[in-house]
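Here is the structure we will look at, set down as structure tokens.
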Amino acid sequence: MTLDLNSKIVIVGGGTFGLSTALWLKRQHYQNVTVVDAYEIPSKISAANDINKIIQSSYTDRFNDSLAKEALQLWKEDDVFKEHFHDVGIVYCSVEKSSYEELINLNERRINSGRNPMDEITSPADFRKIIPSLEGTLPNWKGFYQKDDCGWAHAKNALISTAKEFLALGGKVIIGEVETILKQNGLVIGCQTKQGQKIDSNKLIISAGASSIKFFNFEDQMLAKCWTLAHIKLNDKEVEDLKNTPVLLNYDLGFFFEADANNEVKICNEFPGYTNYQDGKSNAESSIPISKDSIPLEAEVAIRDLLKQTLPKLATKKFVKSRICWCTDTPNRFFLIDEHPDYNGSLVVATGDSGHGFKFMPIVGKYISELVVKGRNHVNRDFFNHWKWRPETTKDRTDDRHGSTNTASDLKYIKSWI
Ligand code: FSA
């Protein structure tokens, strides 16, 4: 089903994938593009509603590596995105052998594709040359330093400026919780909000992140999991010491950034995520996101441990904020961006962020909009093959994360929250 410039395109979910798609469609002069979200943008339940997200521009796999390079260009040049990108570099670190090997592969991918190799870091003194305030003992830490073309972005502000540009170009945003998907004769023809508003579509896009499973059966391709974050507040001297320093990303232990304009530093521990399975079930799509401004006590311990090893003076500071943040993993962690097989091209799914979607915000909408406009048989085959509807792969599901016990645990086992 192909579209013309007046077709009604409705996007359910105004987060990373939804807004990127909305912007790309408006920039290509589609007249009738509507984003529907339960909350005002920046939606309080979007995973991207966050003070900072890591912007990597290299990956160990060829497909994401090349897409990340394409995204980087826009982070640097596109007026909507460039003011939110902080090109401060990333210090990639590990304490375990397997994650160090991954870093070696990452560096090799860079070298083989003609980019500068990263600097090797083998001692605490090497780390301190890059981030002088790392006064911790950094036990068994090794890593690589990529000086530029990577860093972090102010994710929430990027959502806001994308929505602003979309509206300026004539896009429409409706605030309402989509409750029902409207169907007729085997086609999706729109959606209806809880408040009773009906919105017609020639093409409907579901880009509701971990909540997408509320609307359709994804045949267990989608596994909602949450991760944990905390903020601490720094004094002026501490802010100054970390100013413009690279993101410190330890594949085994977690990561943190310089402070934001509010003097707050965000810190995350690394682990394979928590599921939230319902009623004794354990198939992927019975894991349901719930929002919570709190984290398990064990996450606080892990976050403080990361600080003890790196910035010990900050390790006992009060958390001024903590929350869990939901992502949705596909079986192999490539996104799920395709037509839903049951509705003859009238419904597109654009989800399965797999915990690494945000860095692609400037570019992912290009490929989603191409699928929306041309249909699945006419998009680039490399993209199609990576992102297609693929329930046959669920039997090979992988967590593909380091940290903690290396397998996902469930929130029902968490007895203490902070
Ligand atoms: O560069 C990146 O995409 C970092 S993703 C950050 C993170 O917390 C992961 O470390 C975690 O494993 C999960 O995927 C959620 O996102």
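List of remarks:
- By accessible area with a 1.4 Å probe, ligands and nucleic acids excluded, highest first: order of 310, 180: 180, 310
- Here region 192-243 exposes an accessible surface that is 42 percent carbon and sulfur, computed with a 1.4 Å probe and the other protein chains kept in place.
- In this structure residue 4 has an accessible area near 90 Å², from a 1.4 Å probe over the protein heavy atoms.
- Average accessible surface area per residue within the chain, 1.4 Å rolling probe, Å²: 42
- Computed in the context of the full set of protein chains, the accessible area of region 1-93 at 1.4 Å probe radius has 46% of its extent on carbon or sulfur.
- Within the chain, helix-based [θ] at 222 nm, where runs of 4 or more DSSP H residues each add -39,500 (n - 2.57), nearest 500: -8000 deg cm²/dmol
- The heavy atoms of residue 120 present about 120 square angstrom of accessible area, all protein chains included, probe 1.4 Å.
- Loop sites in region 185-255: trypsin sites (Lys or Arg not before Pro), DSSP, at most 11 other Cβ within 10 Å: 194, 243
- Prolate/oblate/rounded call for the chain, Cα gyration tensor, a/c under 1.5 rounded: prolate
- Using the Stokes-Einstein relation with a Kirkwood hydrodynamic radius computed over Cα pairs, the translational diffusion coefficient of region 11-157 at 4 °C and a viscosity of 1.567 mPa s comes to 74 µm²/s.
- Cα centroid separation, region 1-77 to region 298-335: 26 Å.
- The chain: relative contact order in percent, alpha carbon pairs under 8 Å with at least 6 residues between: 22
- Virtual spin-label span in nm between residue 27 and residue 175, 7 Å along Cα→Cβ: 2.7
- Part-to-part distance (alpha-carbon centres) for region 342-392 and region 141-210, which is given in Å: 14
- Counting only heavy atoms of the protein chains and using a 1.4 Å probe, residue 418 has close to 70 Å² of accessible surface.
- Partners of residue 321 within straight-line reach, counting aspartates and glutamates whose Cα lies under 14 Å from its Cα and excluding those fewer than 8 residues away in the same chain: 50, 260, 264, 293, 300.
- Its relative contact order, with pairs defined as Cα atoms under 8 Å and 6+ residues apart, puts region 193-305 at 29 percent.
- Computed over region 12-54, the quotient of the alpha carbon radius of gyration and 2.2 N^0.38 Å is 1.23.
- Listed by chain and number, the lysines placed with their C-alpha closer than 25 angstrom to that of residue 203 are 8, 26, 164, 172, 183, 194, 214, 366, 374, 388; residues fewer than eight positions away on the same chain are left out.
- Rg/Rg_globular for region 147-295, with Rg_globular taken as 2.2 N^0.38 Å and Rg from C-alpha atoms: 1.38
- Kirkwood hydrodynamic radius of region 273-383, from inverse mean 1/r over distinct Cα pairs, in Å: 17.4
- To the nearest ten degrees, helix 361-374 and the longest principal axis of the Cα atoms of the chain are 20 degrees apart.
- Rolling a 1.4 angstrom probe over region 290-397 with all protein chains present gives an accessible area of which 49% lies on carbon and sulfur atoms.
- Restraint check, 292/415; 44/415; 76/225; 44/225, Cα-Cα greater than 21 Å: 44/415; 76/225
The values are calculated or read from the model by the stated rules, or taken from the named source; none is laboratory data. Predicted, not measured: the structure shown is a model, and the values here were computed from it. Please note: Cβ atoms are built from the backbone with ideal geometry, for glycine as well, and neighbour counts cover all protein chains shown. Just the protein is used for accessible areas: all its heavy atoms, side chains included, with ligands, DNA and RNA removed. Shrake-Rupley method; radii C 1.70, N 1.55, O 1.52, S 1.80 Å.
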